[in-house]
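Below is one structure; the comments refer to it alone.
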Amino acid sequence: MRCALLQINPVIGDIAGNFQRIADAFEYALTCGARLCITPELALVGYPPRDFLLYPAFIEEAEKALALLVEKTSGRNCPLVLGTVGRNSTGTGKVLYNQAVGLLNGEILFRYNKRLLPTYDVFDEARYFQAGDAPCIRELGGLRFAFTVCEDIWNDSASRTTPAYTLDPLANLPPFDVLVNLSASPFTVGKQRQREDMLSAIARKYCAHILYINSVGGNDDLVFDGRSMHVGPDGRLFARAEGFVETVLYADVADEAGSTAEQACQFPDTENFTPEAEIWSALVLGTRDYCRKIGHKAVTLGLSGGIDSALTATIACAALGADNVRGVLMPSPYSSSHSLADARELARNLGIRTAILPIGPIMKACETVLSQSFQGLAEDVTEENLQARIRGNLLMALSNKFGGILLTTGNKSEISVGYCTIYGDMCGALAVIGDLYKTQVYRLTRWFNAHFGKIPDNILLKAPSAELRPGQFDQDSLPPYEELDAILHCLIEERLSVDETIKAGHDRGIVDKIARLIHTSEFKRRQAAPVIKITRQAFGIGWRMPLACASLP
């Protein structure tokens, strides 16, 4: 039985557009002999729809689109299993379900309600949905299919030693031949290996085929990597769809008599699971879709001659094309000659447009205006922040005048400890590398140069500096990035306490300082641009720290 896994890229809230994406993929799969078509989770409304779900008109529009898809299946003799929302008519609990709906020949075959509703990290499904309370097994083509939605398979004892829920939706299921999972599982580095290990363990445990259909695309701060899969009853991975692109994966699970069908294993030739390759693909897709889905084709960013802006510009070019990227050089009296030279060389290598806006005269004007208020006071970080805010104003002006969005170029190390200026270098609509520690920025840049070689070597070799005063370097204010990032990983990713971080081998004085900086910089992060999430703990909706509180434990 040929099953088509429709790995599509929905747009949140674009129900008409998502309807067309699903209909087109369904029609295409039929021409390729599909006998069953399956979409990702909530494909009709986009994931995560968040507070769109609180608008009755939005739900009504989704129901109308579902009715049209029901009509699309008339006379086709091929079931379409669709991820969408459905109403809870019981009169108790939340008014909506997260559903998988089976359509065939102009009728609704079944509705399955997702049973496990995640509320950790970026997920908040219990805010909107009522949990389902019943399994769903249907016979199709002589095979018994068990249908699940995303989280439903993540609590099985075969792959999880510590259950996150009291319920395991796979336990006590009636016998089945094929387990289907409609998913919208966001990307994080290394997660694909975890998925494959989990699906393999479940397949062996239940001696069943598994069809895993994952969404693809960037939605706000999240990136969905696709990589839909077919796993055989022996736990062997039969097929995997290419990551980070829309595609249809075909899985021949069995013949009409129910015997296992032999098939050649299908794996994309270009798939690369190294951390840098995964991160690169995720950031390019996240940047492209963020711009496309909010209606912008072009971007502007500041080019300082440093590694952060260089990498951000390179990602933007890969995502949008060099013609749609504008780099702005804004030298001050403290800017080094090599910074300007490096920024120009990068721009030539990438083929992007540039503008040079010296900020010295504006600095002088600010100095004059503030001279009376600042009389008798020594220069300090105030004047440094003024430079960053002057640059932010100029960048926003260009963004407004020429259209397109402003990209902010800060990395996770800086954002963690507040080594950035609010309303200055934090200006922007998207933080492309905001979930990359500085050491990761260097690794990804070296990886890129090894494959494409467009970032000048001097940008990689010189000591990092904001060049806000003569002879300034990052390490004047911060520990070496190797040490800083290791401490940040303990405090942020691992959620270790200060004492536990010290026991891991770090100096108490430095750890205390970093923990204090993380805490006091929270107000800045609340006002920062969205960060493309590539790690398990990004600064975004999954980081919910209070503002007025004690420091980190």
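Data for the structure
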quantity	calculated
From Ala29, Ala67, residue being out of contact with any strand residue (DSSP E or B) (no Cβ under 8 Å at 6 or more places or on another chain) and either closer than 21 Å to Phe224 by Cβ or of a type outside the set (Val, Ile, Thr) (or both)	Ala67
Any pair with Cβ under 8 angstrom, 6 or more apart, that starts in region 326-350 at a residue that is in the same structural domain as Gly306 (by TED's automatic domain parsing) and in contact (Cβ under 8 Å) with a residue 24 or more places away in the chain and ends at one that is charged (D, E, K, R) and in a helix (DSSP H, G or I)	Leu329/Arg344; Met330/Arg391
Region 112-169, residues that are part of a strand (DSSP E or B) and either touching a Gly at 6+ places or on another chain (Cβ under 8 Å) or not charged (D, E, K, R) (or both)	Tyr112, Asn113, Phe129, Ile137, Arg138, Leu140, Leu143, Phe145, Ala146, Phe147, Thr148, Val149
Listing of helices (runs of 4 or more DSSP H) fully contained in region 350-459 that carry 2 or more residues being more than 24 Å from Leu283 (Cα to Cα), modelled with pLDDT of 95 or more and not small (Gly, Ala, Ser)	360-370, 381-402
Elements of type strands (runs of 3 or more DSSP E) contained in region 240-335, each with 1 or more residues being of a type outside the set (Gly, Ala, Ser), modelled with pLDDT of 95 or more and closer than 20 Å to Asp225 by Cβ	247-252
Condition met for Ala515 (within 29 Å of Ile279 (Cβ to Cβ), part of a helix (DSSP H, G or I) and not assigned by TED's automatic domain parsing to the domain that holds Phe244)	yes
Test for Leu311: is it buried (at least 20 other Cβ atoms within 10 Å of the Cβ), more than 21 Å from Glu414 (Cα to Cα) and either assigned by TED's automatic domain parsing to the domain that holds Ala463 or touching a strand residue (DSSP E or B) at 6+ places or on another chain (Cβ under 8 Å) (or both)	no
Given (1) under 26 Å from Asp457 (Cα atoms); (2) free of Cβ contacts under 8 Å to residues at least 12 places away in the same chain, index of the condition Arg292 fails	(1)
Matching residues, region 524-543, being part of a helix (DSSP H, G or I) and under 17 Å from the mean Cα position of the chain (by Cα)	none
Qualifying position, being in contact with a helix residue (DSSP H, G or I) (Cβ under 8 Å, 6 or more places away or on another chain) and among the polar types (S, T, N, Q), among Thr368, Thr445	Thr445
Hits in region 92-116 - residues which are surrounded by fewer than 19 Cβ atoms within 10 Å (Cβ to Cβ), farther than 9 Å from Phe129 by Cα and not aromatic (Phe, Trp, Tyr)	Thr92, Asn105, Gly106, Glu107, Ile108, Leu109, Arg111
Looking only at region 505-523, and only at residues there that are of a type in the set (Gly, Ala, Ser) and under 19 Å from Tyr437 (Cα atoms), the one that is farthest from the chain's Cα centre (by Cα)	Ala515
Whichever residue in region 56-78 is over 17 Å from Ala25 (Cβ atoms) and in contact with a helix residue (DSSP H, G or I) (Cβ under 9 Å, 6 or more places away or on another chain) and, among such residues, is surrounded by the most Cβ atoms within 10 Å (Cβ to Cβ)	Ala62
Residue, modelled with the lowest pLDDT, within region 510-552, restricted to residues that are farther than 13 Å from Leu491 by Cα and β-branched (Val, Ile, Thr)	Ile541
Residue match in region 199-216 (condition: in a loop (DSSP other than H, G, I, E, B) and of a type in the set (A, V, I, L, M))	yes
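The values are calculated or read from the model by the stated rules, or taken from the named source; none is laboratory data. A quick note: this is a predicted structure, and the numbers were derived from the prediction, not measured. Glycine gets a Cβ as well: all are built from the backbone with ideal geometry, and neighbour counts include every protein chain shown.
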